[in-house]
Every structure is written in C-alpha cells, then in structure tokens.
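Take a look at the structure set out below.
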Amino acid sequence: MPVLDHGREIEDRWTDLADDAALPAEGGVIVSLERWRAERDALIARGQPVGVRLKSNQLATELVDDLAHLGVVALEFPKFRDGRAFSAARELRERFGYKGEIRAFGHIIPDQYQFLTRLGVDTVVVPADRVGPAWAHALNEISIAYQPALQDHGTVSLLRRHVKAEIKG
Amino acid sequence: MPDTTVPNAHSNQPADAHAGVYRYDEFDKTFIFERVEQFRAQVERRLKGEITEEEFKPIRLMNGLYLQLHAYMLRVAVPYGMLDSTKMRRLARIARVYDKGYGHFTTRQNIQFNWPELKDIPAILHELAEVDMHAIQTSGNCIRNVTTDQFCGAAADELVDPRVYAEILRQWSTLHPEFTYLPRKFKIAISGAPHDRAAVQIHDVGLIAKKNGAGEVGFTVYVGGGLGRTPYLGTKARDFVPVAEIIGYLEAVLRTYNQLGRRDNIYKARIKITVNEMGPEKFIGLIEEEYARLPRQKYYIDPAIVEAIEQHFAPPPWENLPAVSAKFEAAKAADPAFARWTRSNLSAHRAPGYAIATISVKPIGGIPGDIEAEQMEAVADLAERYSFGEMRVTHEQNLVLAHVKQDDLYDLWLALDKIGLGTANAGLISDIIACPGLDYCALANTRSIPIAQQISERFADLDRQHDLGELKIKISGCINACGHHHVGHIGILGVDKKGEEFFQILLGGDATQTAALAEIVGPGFSYDEIVNAVETVVTTFVGLRQPGERFIDTLARTGHAPFKEALYARA
Ligand code: HEM
Ligand code: SF4
C-alpha cells in the first residue's frame, strides 16, 4: 500500500508481515507484537531491520524494553475515530525517547494527518484509492497551533505558534 | 505573544469596548478564517462523495453541526458564556437570516440554532468568525467548550478570574492534536470562587479555585463527574494544583483517559466509567504517574501569558458609588413588582453601588432558554446602556448583566419587562431547565418542553413562587440527562412504558458545592398526572417546612418518606 511522508508518496522500505508469512531472506519487516514476542531473538539475530505493529489497544509501554531494536513502530487505526494511537505516538517519542520511524496505518482520514505529524508520526499508510492531493493539502490548511508539538522544545510560547509544514516533492 | 492591546479608554471606542470578552488578535483571526475555509472544503468534498457520511460526521460535529429529528442543528460556542453586544447582534442576525428568527441558550452556556440548512453553514461560520466566534468543538468526542461561573469578574468571593484560565484552556484544547478523537466527549467546568456556581462536580473534569497554606492560588481538581445514564459526582484527584501547572496536569488526565477509556460501548466510554470501573484510587495513581514524567516545563503557563490574557478581562471602569442608592430604594418602595424582581434576580456585586442582574429567559409558559432575534437585539442595547455592552449566558439558560448601577436597575427592569424578559423568577420553581425532548430530539422517550411550560403555568403566581423560595426543577426526556434531572431539587425523567410517556420524579439533587445526586421516589406518572404530582411535592413541602427553610433543607431534614407518602397514598 502507498506510504506517505510529508504528504508525498515514498518508496516503502518495509514489508508488512502477517503472522503466518515466512520471513523473507532480505529486507526490513514489520511484525505483530505477538510475533515479535515469540520470535524476538531470531528476529534480532537475523541482522535486518525490524519493526513492530501495535494494535490500538496495545499501549506504547508494551515496547519499553524493545525500542532499541526497532527501526519502526507501526500504529494501527482500526477506525479513524479510535484515537489511542495519537497518545501512543506521543508516549513513544516524549516518554521513551524513541528516535526510529513511527508510522500510522489503517483507517485514517486526511483531516488527521497534521495531528499525526505534530505528535511525531513520520509516515502514513494509505489505501491506493485514497491517495491524492488532500493529504499534502491537509498539512497546510491550518497554519496555527495552540499547543506545543513534539518537535517544540519549550523555546516557544505554550499556547501559540505558527506551523510550518514542509512538503516533500 | 498574544496581542495585549485592549481598547483605549478615550478614543471613539465602541459601546462594548469594556465587555469582559477575549478579543482575537491576528493569530486567532488567521486560525479562525482558515478553519472556516477548511470546513467549506470539507462540505464540498462530502457533497462530491469524496468522503463518506461516516467520515463527514465527526468533522461536522467538530464544527458544531448536529443532525436532529427534523433538521440540522448548529451549536455555536459562547466561550465560558461571555458575550458582547457586537456578538449578540450577530447571533440575532444569524437567527433571522438563516433560521426561524430565534435561538436557544443551552445548559453549557452556548447557543443553538435549530433550523439552519447545510448549504448555509460555511456562510454562518464566516459571519461568526467576523465577530470572534465559532462552533468548534461544541460537539464530537473532544474537549468541549469550557464553562464557568456566570458571575465571574463581579462576584465578591472570587479568588481568581476563571475566564483567564477558561480562555487558556479554550486555546489549549482547540484542535488539540492528541485529544480530538477521545473515547467520548469531554467537558470541563471551572469555578474561580469556592462557592460553586458552575456545577463543576458533574463534569468530566471540574476545577475549583483554592488558596493553599502559603497563599498561592491553584485549583482543586475533580475527575469523573457526569450525568447521563450512570450519574457520578466527580472524585477529587488533587486538592491543589498551582494555576501555572494546570495544563500539564490536564494533559496527564487526558492522556490517561485517551489510552484507557472504553471504546467498545459508547455508554461506557465517558471518563466517569473509566474512573469508577478501575477504582478512583488506581486511576488517580495513573494520572499522577503520567504527570510525574511529563516534560512539565513545556506545559508551564508562563506568567506573561496569564498577564496578557488578564488584560482582556480587566474590570470595566466602575464608578465610585455609595453602597446604597436612594433612587433604587425609592423605586422598590414605590413598585412592588420591581421589588419582587430585585429579590429573586439580583446578586451582590463586589463594587459598591452596583448589582448583578439575572435576566430570566423563562417567561411564564415559555420555552426555557428560547430567545427571539428582537429580544437578543434589545438585550444588546440594554447591555450597552447599563452594563458596558456585556452579557453572560448561564448554565441555567438565563442571561446576566453583571455590572449594573443600582441607580439604573429600575429603568433596566422596566425595559426588560416590556420585551418579556422581566420575569421575577430566577432560582424559583418556574426557572426550569428542560432538554429539547421529543420536540427536537431523536433519542427522546417523552416530551419535556411542554412539561416545563405546564409547570410554569401552574405556578404562574409570582407571589406564590417567591413564597416557595429557591426550588430547582430540571427535566430530561430520556436517561441521557441533558436536562440535568439528577441534580434538580426536583428532577423529572421521561421514560417509555409500553409506548406511553411516563415521568419519574427524583428528589434532592444539588449542583453546587454541596453537590448531590437526586433519588427516584417511586413509580412514574403519566403525562396528565405529572404536573399534579409536582404540585403534591410542593404542597407537602409547604406543610412541613420550618421558617427560613428552602425546599432542599426541608427534604434533608425530613427525608423522602413524607413526600413518597403524599405522592403515592392518594393513588
Ligand atoms: C437534540 C439532540 C440531542 C441529543 C441527541 C443529545 C444526546 C445526548 C446524549 C446521548 C448524551 C449522553 C452522553 C453521554 O453520557 O456520554 C447527552 C448528554 C448531555 N446533553 Fe444532550 N443531546 C441533545 C441535545 C442537548 C441539548 C439541547 C443540550 C443543552 C441544552 C444538551 C445537553 C447535554 C448535557 C448537559 C449532557 C450531559 C450530561 C453529561 O455530561 O453526562 N443536549 N446528550
Ligand atoms: S435527555 Fe434525552 S430526550 Fe432530552 S435531549 Fe438528551 S437525549 Fe434528547
């Protein structure tokens, strides 16, 4: 499925692996939390990039001891209305200092895109029939924010800032 | 930095220049117009079928647009209830041009328009934006419009002006990236005085100002209050959070709730359920853990921000007046109807020679909270003449002019009386809160507006109402409790019994600092019986009361038994 970074489609370097799918010989894979737990040692020993998918009811705390090994954490939106992943992203970055990629996948609408990037999400997986200019547009429709984002480090006022979105292309 | 310019006291300033409202700066204006354009585009995308109705629904809700029984309803935010005459006149214009000529004040200090058309909504939002108003987050599963004490900035017992923090919370919660898709809606109320006029304990989060031992000001924080089908009073989470830390603390509350609140069942999704299923101690422990590890510096409210916002709410230029007005005293002596109004509708002001006037939007037999465009305009004129162009909407669906000279009260009342807004019933039995019920609401079991109207007519005699004293009736047409029946001195709940409307009576609720939930007395009454039943409760009270007792005082002393007996013995 297409992956967006800063509003533009990018080449995906990850393979999203189902629990019963065999590990490919080469390349980065994303596995479920359950599979990660079952095959943790083997996945690390494989020497290739690895990431974990979290369901919306799996908190970021589940990965505290694993983050050093993970190149990506993928957060699921089973329904766009289920906003738990917003907090998961914030926890990963702010509480656990996670520096790898955070991606969001599942049912996401463009109107959520700016919120996601402000909380430290890098990439969004979008169904092919939903790719379009709306995503890049959504990053710039509103140029003002009243809260600090993850990127802001207390150097700006608590309540008001201009949001500059950088669109890649 | 926020714009700190406050209109100058000398130049040709507008008549509402000193109204205690927050005035948008360039930053806010940019935001609000971008938001209107965003919604315009969203409506277009919806009309073209690029997004589904399911996806459009939370977007329109985030912009205050509901679908009711017969039509769309637009709920416009009145931040913490504060209006100036410019805003009020614009609301009147919207009522006239885009609706059927009236609006409805709600229990959350907002105003609703019941009949707008979808195609007009972007234009309405644009008109609102021109006067620093919006409909953002008046519905949806987000942090809703923050409510407060309608006497803020005028009451004598205030420790901190709650508008300053309500405005800070308004900004902080506006399009909050993390807390806009919560398990359920989230309502915050804030009281700047120990005497709670904002019903804080029935909110998801309630804040009451308090001074600690060192004389510093902070808030006591309650979490997990709410009405609905499972009512709870809030649990005290923290006795004291310094004012500068309140956003950080709320981030911790919201983050904990966003992650752990139930999403499997909308009736169990409010924070009150999370708190009480988990046990308040455990939940509060999690909040404290989250708070302890937050980067607190980031959320610390800089005193410069507070100062800049305080300027918007600077006290208006009150005159130095004697505490007693001879003119006022003479008018009371000469006109008993006016004297009666002063007994129910005035409250003490902190400045000598001034009073706080409550304008009843509950005329006898009227629809609680409904107001016509012409009345809105007339009130705006009166506010300019007598109260610095400022008005407040109360959670009891009335209006308040907070800074009226005692010398002017008689003229004010005469003018109000002429436009049907001079009823002397604030806090009395006909000052009823009623939800929309079957007249508008798709979830209703029963009517509630007509019940309110009939009770009001039954007790139309104002002398009788004054004799009964403070008595709060609150009516909901189903268990969702939009009419606050759980906190009515007398609550009325509409239930469906085999397709027929029935009404249960609850007694003993209280929404103030002595908050309590009302209890059901017994089986319900039919549509034809309910007003008689209310009268039975009232005459029972009159028979039992001791001098000086209010209804809830008598009830607390006697318990429910005599009322139950009176209600059910006659059957
Ligand atoms: C006509 C359409 C309306 C519908 C369908 C509706 C629906 C609901 C529902 C489902 C709840 C329960 C929410 C929950 O507990 O999670 C609720 C609560 C509430 N509604 Fe309404 N409502 C309507 C109109 C209104 C109006 C006009 C007002 C104000 C005058 C209002 C004020 C409230 C309040 C104050 C609550 C709160 C109780 C709480 O916070 O627990 N509602 N409403
Ligand atoms: S209490 Fe019930 S009937 Fe009344 S407005 Fe709320 S949902 Fe509708």
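Shown for B:PHE459, B:PHE328: other C-beta atoms within 10 Å of each C-beta, ranked fewest to most, produce the order B:PHE328, B:PHE459.
Hydrodynamic radius of the protein assembly as shown by the Kirkwood approach over all distinct alpha-carbon pairs: 27.4 Å. Evaluate the Debye formula for the range B:420-571 with equal point scatterers sitting on the alpha carbons, no solvent, and hand back log10 of I(q)/I(0) at q = 0.09, 0.13 Å⁻¹, in q order, two decimals. Rounded to two decimals, the profile gives -0.25, -0.53.
Ordered by the count of other Cβ atoms within 10 Å of each Cβ, fewest first, B:HIS195, B:HIS70 give B:HIS70, B:HIS195. Sorted on the mean count of surrounding Cβ atoms within 10 Å across their residues, most packed first, peptides B:128-140, B:382-394 read B:382-394, B:128-140. The distance between label points at B:ASP264 and B:LEU67 comes to 2.8 nm (points 7 Å beyond Cα on the Cα→Cβ vector). Partners of A:LYS79 within straight-line reach, counting lysines whose Cα lies under 25 Å from its Cα and excluding those fewer than 8 residues away in the same chain: A:LYS55, B:LYS48, B:LYS57, B:LYS185, B:LYS187, B:LYS268, B:LYS272.
Between B:ARG343 and B:GLN311, what's the calculated FRET efficiency when r is the beta-carbon distance and R0 is 30 Å? Round to 0.05. Working shown, then result.
Working: r = 36 Å, r/R0 = 1.21.
It comes to 0.25.
Projecting the Cα atoms of B:HIS395, B:GLY353, B:ILE309 onto the dipole axis of chain B, where Lys and Arg carry +1 and Asp and Glu carry -1 at the beta carbon, places B:HIS395 farthest toward the positive end.
Counts of other chain beta carbons within 10 angstrom of each beta carbon in peptide B:159-172 average 1.
Within a 10 angstrom radius of each residue's Cβ in A:82-92, how many Cβ atoms of other chains show up on average? Whole number is fine.
For this peptide, the per-residue mean of nearby foreign Cβ atoms is 6.
Peptide B:259-265 is shielded by partner chain Cβ atoms: per residue, an average of 4 of them sit within 10 Å of its Cβ.
Give the relative contact order (percent, whole number) for chain B; include only Cα pairs under 8 Å separated by 6+ residues.
About 13 percent, as a whole number.
Amide H contacts of B:ASP149: B:ILE190, B:GLY192, each under 5 Å away and 5 or more positions distant or on a separate chain (H built 1.01 Å from N in the peptide plane; Pro and chain starts excluded). Rounded to the nearest 10 degrees, what's the angle between the helix A:33-45 long axis and the longest principal axis of chain A, both from Cα atoms, 0 to 90? Value to nearest ten degrees: 70. A cut-off under 11 angstrom between Cβ atoms defines the neighbours of B:ARG163, and their net charge, with Lys, Arg +1 and Asp, Glu -1, is -3. The average projected area of the range A:1-59, computed from the convex hull of its Cα atoms over all directions, is 5.1 nm². Per the Cα gyration tensor, the range B:326-418 maps to an equivalent ellipsoid with semi-axes of 21, 15, 12 Å, ordered largest to smallest.
Each 5 Å bin from zero up to the one holding the largest Cα-Cα distance in the range A:3-142 carries the following percent of pairs: 2, 10, 21, 22, 20, 14, 7, 2, 1, 0. With point charges of +1 on the Cβ of Lys and Arg and -1 on the Cβ of Asp and Glu, referenced to the Cα centre of the protein assembly as shown, which listed residue (B:LEU567, B:ALA337, B:LEU254) lies farthest in the positive direction of the dipole? Going by the Cα projections, it comes out as B:LEU567.
Computed over every Cα-Cα pair of the range B:391-430 and binned at 5 Å starting from 0, the pair-distance distribution P(r) comes out as 6, 18, 27, 31, 15, 2 percent. Applying Stokes-Einstein at 4 °C and 1.567 mPa s to the Kirkwood radius of chain B, computed over alpha-carbon pairs, gives a translational diffusion coefficient of 53 µm² s⁻¹. Look at B:TYR267, B:TYR354, B:TYR80 and count the other Cβ atoms within 10 Å of each Cβ; fewest to most, that gives B:TYR267, B:TYR354, B:TYR80.
At full extension, B:GLU374 and B:ASP157 could sit 74.6 nm farther apart than now, given 0.36 nm per residue minus the alpha carbon distance. Scaling against 2.2 N^0.38 Å puts the C-alpha radius of gyration of the range A:83-142 at 1.13. Pairwise Cα distances in the range B:26-129 exceed 22 Å in 30 percent of cases. Distance between the C-alpha centres of the range B:253-278 and the range B:371-415: 41 Å, rounded to the whole angstrom.
No lab work stands behind these numbers, since they all come straight from the coordinates. Note that the coordinates shown come from a computational prediction; the quantities given were computed from them, not determined experimentally. Every residue, glycine as well, gets a Cβ built from its backbone with ideal geometry; the counts of neighbours run over all protein chains shown.
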